[in-house]
1. Kindly indicate the residue of region 106-117 that is in contact (Cβ under 8 Å) with a residue 60 or more places away in the chain and assigned to a helix (DSSP H, G or I) and also farthest from residue 21 (Cα to Cα) among those meeting that condition.
2. Out of all the residues in region 29-37, is one or more outside any helix (DSSP H, G or I), touching a strand residue (DSSP E or B) at 6+ places or on another chain (Cβ under 6 Å) and under 26 Å from residue 130 (Cβ atoms)?
3. Mind listing whichever residues of region 34-54 are touching a residue at least 60 places away in the same chain (Cβ under 8 Å) and either more than 22 Å from residue 136 (Cα to Cα) or crowded, with 20+ Cβ neighbours inside 10 Å (or both)?
4. Counting only residues that are within 16 Å of the chain's Cα centre (by Cα) and not in a helix (DSSP H, G or I), which one in region 118-132 is surrounded by the most Cβ atoms within 10 Å (Cβ to Cβ)?
5. Consider only pairs whose beta carbons are under 6 Å apart and that are at least six residues apart or on different chains; among these, list those whose first residue lies in region 267-282 and is in a loop (DSSP other than H, G, I, E, B) and whose second residue is modelled with pLDDT of 95 or more and surrounded by 14 or more Cβ atoms within 10 Å (Cβ to Cβ).
6. For residues that are touching a residue at least 12 places away in the same chain (Cβ under 8 Å), over 15 Å from the mean Cα position of the chain (by Cα) and either outside any helix (DSSP H, G or I) or on the phi > 0 side of the Ramachandran plot (or both), tally how many sit in region 133-168.
7. Of the conditions (1) part of a loop (DSSP other than H, G, I, E, B); (2) within 26 Å of residue 181 (Cβ to Cβ); (3) at pLDDT 95 or above, residue 239 satisfies every one except a single condition; which number is it?
């Protein structure tokens, strides 16, 4: 079985990858984000290959350092696996794309004896309906998962990540992040941050392209619970293997959001809250709490 986890950005996909990576019935590559389906454009492909090349160099340095230490064979083996998986993926990205066979072999080669393999690339949330349909046709029963997180929490996490990348000497992360959020809300700038979390638009394209019963849209907050994990296992056709819902991955640096900006962001994203309530069912507590926060600030 092939699984695509197509987002959303900063909505628990790294935690989900780790949970499936540790599942005995799953065979996930050492590369979480393959970026196959979003690199058909030559310039985009070249940039991604450069990123992978830099990561491979880092893995080799870590491998050599562990080997020199003499007592870290597990780390050497881990780095070797990452290097091999990523180098093989680069060959796929550089190869022919007309039939997607190289990509299929790259995934299937790691799935022998397992029930599920996966490509978990949040950037796929921006793909077209036609590309989603092509992805669905690759396997006999390719499945899709799209995770959604409280819209304010997702937006603030993404903004903090952007702020950390853009930090200049003398700036604090909190001030930088709040400034970026203000620009998004008041100036309509950095629209890519919002596009990565446009739940209604992405789900509309997925539902138009993916056959009935092969798409699951799930609250990431619910996925951290035993009930949510059991339901997801049933959808994926694998056994229930509990994962620690408290051990979040890539939580990111901490920064305090201004209350007035938080309330303004919830008002700005209110259609996402309404959409989730209507299409996915009762909102998790974190979503309800942020709606209440906006109400206290005049929403």
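The values are calculated or read from the model by the stated rules, or taken from the named source; none is laboratory data. None of the values given here were measured: they were computed from a predicted structure. So basically every Cβ, Gly included, is an ideal-geometry build from the backbone, and we count neighbours across all protein chains shown.
1. Only one residue fits best here, namely 106.
2. yes
3. If the condition is that a residue be touching a residue at least 60 places away in the same chain (Cβ under 8 Å) and either more than 22 Å from residue 136 (Cα to Cα) or crowded, with 20+ Cβ neighbours inside 10 Å (or both), then 34, 35, 36, 37 are the ones that fit.
4. Per the criteria, the residue is 118.
5. Note: pairs meeting the criteria are 269/151.
6. Result for region 133-168: 5.
7. Here residue 239 clears every test but (2).
Here is a yes/no grid of residues against (1) modelled with pLDDT of 95 or more; (2) assigned to a helix (DSSP H, G or I); (3) within 14 Å of residue 9 (Cα to Cα):
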site: 182; (1), (2), (3): yes, yes, no
site: 194; (1), (2), (3): no, yes, yes
site: 197; (1), (2), (3): no, no, yes
site: 204; (1), (2), (3): yes, yes, no
site: 207; (1), (2), (3): yes, yes, no
